[in-house]
1. FRET efficiency for T95 and S2, Cβ-Cβ distance as r, R0 = 35 Å, nearest 0.05?
2. So which chymotrypsin sites (Phe, Trp or Tyr not before Pro) in the range 1-108 end up in coil per DSSP with only 16 or fewer other C-beta atoms within 10 Å?
3. First select every other residue whose beta carbon is under 13 angstrom from the beta carbon of L100; then total the charges, Lys and Arg +1, Asp and Glu -1.
4. In nm, to one decimal, how far is the modelled label at Q87 from the one at A107, with both set 7 Å along Cα→Cβ?
5. Cα axis of helix 23-41 to longest principal axis of the chain: angle in degrees, 0 to 90, nearest 10?
6. Helix 129-141 versus the longest principal axis of the chain: what angle, 0 to 90°, nearest 10, using Cα atoms?
7. Relative to the present Cα-Cα distance, how much length would full extension add between R183 and Q162 at 0.36 nm per residue of separation?
8. Once you have a ≥ b ≥ c as the square roots of the Cα gyration tensor eigenvalues for the range 66-122, tell me rounded if a/c is under 1.5, and otherwise prolate or oblate according to whether a/b is larger than b/c.
Amino acid sequence: LSDSAYQAAVNAMLRAGVALNKRDELDSAGKVIAAVKLLTIGITADEIRIDPAQAGGLLGKFDAMFADGSGIEVKAARSYRGDRSFQFSRLRPDTPFEQLFLIGRSADPVDWTNVNELDALCWLGYVSRAAFDAAVARLRCSGCQAGSRELRAAVTVGSRKQSWLGPCIKWVPFRRLNLGWWRRHV
């Protein structure tokens, strides 16, 4: 992402593909947004690697990976009601990730690599594996989405009426995401 030609190519791909709901571009949107923000708060490629390829890419089953080898799943969504309500899909309990990053955006940015624009539009939601598994267990006990390989979660940041996943998400607006928050929560 430090290469201007690569940034231009990424922006062109995301501008065209996200608007058309193309799966590869939707997958890349979350990864690009996460990478741009993490680099600006001081997280380096030595600490975390974000796979630019679609599922089964360079890092195998993971969208990203910490230096210790623990896997990260990255899901992104554009708001569907207001600017803080997001629906995340294709949440797979059988994927062996240890961390789940949810990237919610109130609108699509003009420049997907401009951190100032992303700061005004995006939220990061963090869910540990233990919290995710507990939420899935509660969901299945209630009979909702039972037996489903892929789950969906509609969440609203700050809502008192929580979805099945909502209570275990630690949210931070991008403009407030810094190394201190990262170290405390992730």
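The values are calculated or read from the model by the stated rules, or taken from the named source; none is laboratory data. Bear in mind the structure is a predicted one, so any value in this text is a computation, not a measurement. Using ideal geometry, Cβ is built from the backbone for each residue, glycine included, and neighbour counts are taken over all protein chains shown. Just the protein is used for accessible areas: all its heavy atoms, side chains included, with ligands, DNA and RNA removed. Shrake-Rupley method; radii C 1.70, N 1.55, O 1.52, S 1.80 Å.
1. Efficiency at R0 = 35 Å is approximately 0.75.
2. Sparse-neighbourhood loop chymotrypsin sites (Phe, Trp or Tyr not before Pro): Y80.
3. Overall, the nearby charge balance is +1.
4. 2.2 nm
5. 70 degrees
6. 40 degrees
7. Length gained between R183 and Q162: 5.0 nm.
8. Judged from the Cα gyration tensor, the range 66-122 comes out oblate (a/c at least 1.5, b/c at or above a/b).
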